[in-house]
Each structure stands twice: as structure tokens, then as C-alpha cells.
């Protein structure tokens, strides 16, 4: 077998492989003999079909199978011979496959970059140090009350903060449009659900009053039929309700799952949750700084195929969060390319750090991570069992644990400066 390799990019390689015709014919003959032992053809007993007949009947198919198999096996042999480490499967272009020729093909593929970890020790990290104060708990309880508002009907003009229930009909250029009519539509004034000019137009109305409201739509409005145009609405208010926050009483506590202990127990659970979230946030900030420091010290070329695959995953995940239901609603792919490149680079660097520093998977931590994942489900034991029976899912958990272990190694050797902070600053709470 003859092999030649050409470097066509930072990580791209183009390899030409030639397999002797004699080897191909030998492989074809061996496979035809195997076929003849099991072939069933009319007029012949099973296993007694003459080789010449088998060749006439199955020769073309067997040849294609042999050529395909030889390309795969010879490629694997060639990259081993040339000491190459492919990052993904090759793109194979046959050059010569005729019955009187040697098999020749060209394989184009990317290889993994050669990485030597540098600067893993002494990464500068600023760690925020904060506590959950009573005032923070007060603010969070107020936030919970804001999530459970009551609305009482009032006999006065509507103002910001009120909920207004209305019927409306709109016309653009004298014609109706999709969504131009609404009945019993409830809008919280100041909530941002409607355009500001629409909300301003119905402010000041009382129940059973109506008004003509002109609303200019912005030029970049998502509906082209309305973009840059003025819609004239006929609005009739049916009800005005004043927003009222619930009292922090026993009933309110029960709505958040606190059946005993009242507001003091609710505050305790709120504080515990805030402290967990604060600790998680601090860990995430420290981890981000450590990984950024590792990346800065180790700029690395990454396989484009990995970047493309990661970008597609991020694009689909973003679409899922947006509630997209088909491919036409996918966000533009360009915005995901650089984040995907960074994610791939960090994955390669962390993998090399684990390898070079001899980090071994901590099985106890895997079990603890599985328990954490399962704790939020009604039947935790069944969830853990499902993970253990799914190699891919279990491998994902193991990789997360290994990454945590690698980050802890970086932290143990980092230059950490503690910076006093507040809960609001760290959590961006109330922004």
C-alpha cells in the first residue's frame, strides 16, 4: 500500500492511498468463495453453486463491497502508518476503481491539534465574597408577592399598574389584518405586552368607555404588514382592576409549598435557596475566570468540523428555548460560530489537562452528581437507574465530574483575590 500526505491547512490533511490490484482481487475471490457456500440459486443445491456462476451473479456487488471495505481498512492502516490522529471521518474521493487498475483514492480530513498545556498554574482569579442579608430576603419575599398579585375591580380611570380588560378592533389603510380584533383581552398597563402608544391611548379610560387610538408601528416591527404604518384602533374598556399584592400570611405561604411554620419557615426556605444560588453563582464565576485564563495561555487551532457541529447544537438549543417549531425559525447561525469555537477549544484544553495531570474520575462524585440530578424528580431511584443503563447519558455526567475535578486543580494553583460584594451585585438581583 502506497501513502502520500499533504498538509492543506492548519489541521487539514489530504492523503492519497493506493491499494494494489492483486490485493483487491484476492479479497474479492475470498468473499465470493464465502458467498458460494451459502448462495441459493434456482437449479443448484445450497452451497453447491459453481464459483463461476456465483461470480457472474454476485461479482459486481461483491466488488463494490470489497472496495468500500478496503477504503475503510486501508485508511485506518494509513493514518496509523503516518502517525496521524483524525478528528473526524474523512471525505473520500475515489480516483481509480476500475477492474484493471489499483484502487486509488483521496481522503481529506482534519487532525486533532497537538496541545502542550501552559500557564495552568497561577491564573489570576477575583472571587466575590457575599452573604445573604435580611434585606435580601425581604426583597425576595416581595418578589414572590409580586408573582402572585390580586386584582380588584375599581370604578376609576385606568392608570399604570392596573389590569384593563377590553375589546378592540384595528384597521390599517382601512382594512383589517391578522390579529386586528380582540375580545376580553386583559392587559397590564406598564407590563410591556402592548406597544407604548397603545397603552398610553387606553390610560385614563373607565369601564364601559371607548376611544379611538392611533398607534404608529416601528419600521422594524416583526410583522411586515404593520411595519412603519399607523393602525387605528377602536377600543372599548370592559373592566379596570387595581393590582394588589397578597399579604404574607398562611395562605400565601401555602401557595409556595410551605404548609407549616408560616412566614418564618418561608423566609428560612427562601434564605436557604438564595444561599445555594449565591454559592453556585460564585463557583460559576470562578470557573469562568479559570477557563478563560487557561484559554488565553493556550491559544489553539480547533477542527472546523467540531466547530460546525457545536454551532449547530447551540443554534438548535437556542431555537428550542425560543419555542421555535420548525427549521425556518432557527436563529441565524453566524452568531454561534465564535462561541462554538471557544467551547470546542476549552473542551480540548480541559481534556489535555485531565490527561497530562493524570486526573482520575472520582466515582463517589459521579454518584453524588446523579443523586443531585435525580432529586428533582418524583422517583429518584428510577432516574438514577435510567442513567446507569444509558451509556451516553452516564458518560455525559462523568465528563461533567471530570471537568469539575480539572477546574478544582486549576483553582488549587490559582492566585485568588477575594473581593467583598453584596448578594444583589453577585446575582444581579433587581436589575
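Summary table
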read-out: Residue match in the stretch 206-215 (condition: in a loop (DSSP other than H, G, I, E, B), outside the structural domain of residue 416 (by TED's automatic domain parsing) and more than 29 Å from residue 178 (Cβ to Cβ)); value: yes
read-out: Test for residue 164: is it under 30 Å from residue 295 (Cβ atoms), in contact with a helix residue (DSSP H, G or I) (Cβ under 9 Å, 6 or more places away or on another chain), modelled with pLDDT of 95 or more and assigned to a strand (DSSP E or B); value: no
read-out: Members of the stretch 38-60 found to be in a loop (DSSP other than H, G, I, E, B) and in contact with a helix residue (DSSP H, G or I) (Cβ under 6 Å, 6 or more places away or on another chain), listed by number; value: 39, 49
read-out: Among the candidates 241, 169, 178, residue that is touching a residue at least 24 places away in the same chain (Cβ under 8 Å), in contact with a strand residue (DSSP E or B) (Cβ under 9 Å, 6 or more places away or on another chain) and either surrounded by fewer than 16 Cβ atoms within 10 Å (Cβ to Cβ) or part of a helix (DSSP H, G or I) (or both); value: 169
read-out: Subset of the stretch 65-93 that is assigned to a strand (DSSP E or B) and touching a helix residue (DSSP H, G or I) at 6+ places or on another chain (Cβ under 8 Å) - its residue that is farthest from residue 20 (Cα to Cα); value: 86
read-out: Residue check for residue 23: over 30 Å from residue 302 (Cβ atoms) and crowded, with 18+ Cβ neighbours inside 10 Å; value: no
read-out: Test: residue 110 is out of contact with any strand residue (DSSP E or B) (no Cβ under 7 Å at 6 or more places or on another chain), closer than 29 Å to residue 348 by Cα and surrounded by 13 or more Cβ atoms within 10 Å (Cβ to Cβ); value: no
read-out: Residue that is buried (at least 16 other Cβ atoms within 10 Å of the Cβ) and touching a residue at least 40 places away in the same chain (Cβ under 8 Å), where the choices are 307, 286; value: 286
read-out: Qualifying residue in the stretch 184-197 (condition: assigned by TED's automatic domain parsing to the domain that holds residue 213 and assigned to a helix (DSSP H, G or I)); value: yes
read-out: Test for residue 381: is it assigned by TED's automatic domain parsing to the domain that holds residue 297, free of Cβ contacts under 8 Å to residues at least 40 places away in the same chain, assigned to a helix (DSSP H, G or I) and surrounded by 13 or more Cβ atoms within 10 Å (Cβ to Cβ); value: no
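Conditions tested, residue by residue: (1) free of Cβ contacts under 8 Å to residues at least 40 places away in the same chain; (2) in contact with a helix residue (DSSP H, G or I) (Cβ under 9 Å, 6 or more places away or on another chain); (3) assigned by TED's automatic domain parsing to the domain that holds residue 396.
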position	(1), (2), (3)
314	yes, yes, yes
331	yes, yes, yes
339	yes, yes, yes
344	no, yes, yes
351	yes, yes, yes
358	yes, no, yes
361	no, yes, yes
372	yes, no, yes
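The values are calculated or read from the model by the stated rules, or taken from the named source; none is laboratory data. All values derive from a computational prediction rather than experimental measurement. Quick reminder, even Gly has a Cβ in these numbers, built from the backbone with ideal geometry, and neighbours come from all protein chains shown.
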